[in-house]
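*Asks:* Sharing a structure, written as structure tokens. Questions coming.
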Amino acid sequence: MKLATLKTGGRDGTLVVVCRDLSQCIAVPQIAATLQAALDEWDRIVPQLQAVSDALNAGTAAGAQAFDAAACHSPLPRAYQWADGSAYLNHVELVRKARNSEVPASFWTDPLMYQGGSDSFVGPRDPIDAITEDWGIDLEAEVAVVTGDLPLGASVAQAGQAIRLVMLVNDVSLRNLIPAELAKGFGFFQSKPASAFSPVAVTPDELGSAWQDSKLRLPLRVQINEQPFGCPNAGEDMAFSFAQLVAHVTKTRAMAAGSIIGSGTVSNKQGDLHGSSMANGGVGYCCLAEVRMYETIESGAAVTPFLHFGDRVRIEMLNAEGASIFGAIEQTVRRVQAPA
């Protein structure tokens, strides 16, 4: 089953069921007005949503309309929780190596995670807004899951069973603000602006064999200015599954339905910079910082710039038949003026 939220009906949008090929959708206000409302009563509501999905895919649903990803908000326009992990330790290793430091042994057994702002996400076709390029604007292409309710101390098995939906995310980072924030010893804040999620969120069963052991085993495709930039496999080199990441959250707290947990930047182990780029036969990257780390390691200095105003980013995942699963995140970096 595939679900999306249109930018109508107020701040939390209008829930729609989307057909498998992303061509049509149907609003379901008689079942749930918003995605959060559906998640709050998932066990009762999901059979009704599934029935609509089945009819839509069979071509027998009344009231269907053309699906337009540009009309979508993120599936959850705001969420009770957005916590992002760093499950691809190759990414962490590169950052550490560029600083001539080692990855602590605990990182392989205890996931890294930060709590991001979830009061307002942006839509998958909304711009990446910034006041200045000096902030070091970077994309971060990731996979994320949405959970149901979970108790304090939930097991990994319980956490896996509570994963309701899967989606993609561009977790934008302002790289030049990060060092000063981390130096304070209190984590990210200003360096993590609003994230954008894929137009469509899907139930794990919709992913078929690509969803194994709470990992999504397909390439995540990234373009910058219409040029291929990355296609690492999201199921490879993932040190912690989504079930493990979700269970990590519940160690000291219960989780509310509608919580979003991210994987961190998808990253596969590769050779040197020359061999890692897609142009040279590698799988490329999901963020510019990773290219810059390779450059620093190899030549002593990063030369690839961060995003400029007007640059375009596209993030998408295709199924085995080459069809888009979640729809594409397509964003342009836009200069905005601070209020007078």
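*Asks:* Excluding residues fewer than 8 places away in the same chain, name every one of the aspartates and glutamates whose C-alpha is closer than 17 Å to that of Lys97.
*Replies:* Asp272, Glu290, Glu295, Glu298
*Asks:* A further question on this structure: What does the helix-only formula give at 222 nm for the chain: each DSSP H stretch with n ≥ 4 adding -39500 (n - 2.57), the total divided by the residues, and the result rounded to the nearest 500 deg cm²/dmol?
*Replies:* Result for the chain: -5500 deg cm²/dmol, rounded to the nearest 500.
*Asks:* How do Met278, Met238 stack up against each other in accessible area, from largest to smallest, with a 1.4 angstrom probe?
*Replies:* Heavy-atom accessible area, descending, gives Met278, Met238.
*Asks:* Right, next: Can you classify the stretch 185-256 as rounded, prolate or oblate using the Cα gyration tensor, where a ≥ b ≥ c are the square roots of its eigenvalues, rounded means a/c under 1.5, and otherwise it's prolate if a/b beats b/c and oblate if not? If you can, show how the numbers build up before the last one.
*Replies:* Details: a/c = 1.81, a/b = 1.13, b/c = 1.61.
Oblate.
*Asks:* While we're here: If we sort 191-197, 158-164, 261-267, 176-182 on the protection proxy, mean other Cβ atoms within 10 Å, highest first, what's the order?
*Replies:* Ranking, from highest mean packing down: 261-267, 191-197, 158-164, 176-182.
*Asks:* A further question follows. Can you bin the stretch 40-186 into rounded, prolate or oblate? Criterion: square roots of the alpha carbon gyration tensor eigenvalues sorted a ≥ b ≥ c, rounded for a/c under 1.5, prolate for a/b above b/c, oblate for the rest.
*Replies:* Here the stretch 40-186 falls in the oblate category.
*Asks:* May I pose another question? When only Cα pairs under 8 Å and 6 or more residues apart are kept, what is the percent relative contact order across the stretch 60-208?
*Replies:* Computed value for the stretch 60-208: 27 percent relative contact order.
*Asks:* Let me ask something additional. Kindly rank 312-318, 281-287 from highest to lowest mean number of other beta carbons found within 10 Å of each residue.
*Replies:* 281-287, 312-318
*Asks:* Among 2-8, 21-27, how do they line up by average Cβ neighbours within 10 Å per residue, starting with the highest?
*Replies:* The most tightly packed comes first, giving 2-8, 21-27.
*Asks:* Among rounded, prolate and oblate, which fits the stretch 1-50 when a ≥ b ≥ c are the square roots of the eigenvalues of its C-alpha gyration tensor, a/c under 1.5 means rounded, and a/b larger than b/c means prolate?
*Replies:* Values: a/c = 2.04, a/b = 1.06, b/c = 1.93.
Note, shape of the stretch 1-50 comes out oblate.
*Asks:* Calculate the length of the line joining the C-alpha centroid of the stretch 160-207 to that of the stretch 1-40, in whole Å.
*Replies:* 22 Å
*Asks:* If you roll a 1.4 Å probe over the heavy atoms of the protein chains, what accessible area per residue do you get for the chain, in Å²?
*Replies:* Spelled out: the 1.4 Å probe surface of the chain, per residue, equals 43 Å².
*Asks:* Remind me, relative contact order of the stretch 1-75 in percent, using alpha carbon pairs under 8 angstrom and six or more residues apart?
*Replies:* 38 percent
*Asks:* Could I ask something else about it? If you roll a 1.4 angstrom probe over the protein chains with everything in place, what fraction of the accessible area of the chain belongs to carbon and sulfur, to the nearest %?
*Replies:* Taking all protein chains in place, the chain shows 51 percent carbon and sulfur surface.
*Asks:* A further question follows. Contact order normalised by length for the stretch 222-326, with contacts defined as Cα pairs under 8 Å and 6 or more residues apart; what percent is it?
*Replies:* 32 percent
The values are calculated or read from the model by the stated rules, or taken from the named source; none is laboratory data. Since this is a predicted model, take the numbers as computed values, not measurements. All Cβ positions, glycine included, derive from the backbone under ideal geometry; neighbour counts span all protein chains shown. Heads up: the accessible areas ignore ligands, DNA and RNA and are worked out on the full protein's heavy atoms, side chains in. Shrake-Rupley method; radii C 1.70, N 1.55, O 1.52, S 1.80 Å.
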